[in-house]
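Accompanying notes for the structure given below.
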Amino acid sequence: MSRQEPVKPSNAVAILEEDPEDLHLHIDLRLELDQIAELHAEQLRLKSRRPPTRKELVRLACRIYDARRTRDRMFDRHLFGEPAWDMLLALYCLPARGERLGVTSLALAANVAQATGHRWQIILIKEGLVERGPPGMDARRQLLRLTEKGRKLLENYLTRLFYCDTPMPPHPEAAGG
């Protein structure tokens, strides 16, 4: 019920006979209850949204990774540069395709020189997002993988993209700029 909706005469007469102030109290109470019901319904809708499956997140990560590789083939790769992001995406989606990534292959997967790839791998390891293994093996032969922290952060980001919780900023021309 809203203030614009007509109050049913039978209810209004009964309330008005008691006290005209009660009519306003009744309407206000009804509006508050309607708002609470709407909030509750919205919470139920949000809770009913199931989390994406790992397979769906891997598919999304692979689409992002593949789109970046396509972009690299079409534009000069020096125009764009996010080796750390490309490495995280590769470590998330390529193992699902059966690819294991070492120091050299991860640099290739990020489309950067070996020295650049190695520097970024060290940074990602120090940040606790990537780890090498198995221990004791020559570092050049060790495989790299996401840590639990790296996987969780990436999955949280991919989940937001999956549900479009992070809307695109408005285009400057659309905003009059």
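Readers should treat all values here as calculations from the given coordinates under stated rules, not as data from a laboratory. Everything numeric in this text was worked out from a predicted model, so none of it was measured. Note that each Cβ is placed from the backbone with ideal geometry, even for glycine, and that neighbours are counted across all protein chains shown.
Overview of results
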read-out	value
Burial order of peptide ranges 114-122, 90-98 (average beta-carbon count within 10 Å, highest first)	90-98, 114-122
Computed over the stretch 54-162, the ratio Rg/Rh where both radii use C-alpha atoms and Rh is Kirkwood	0.95
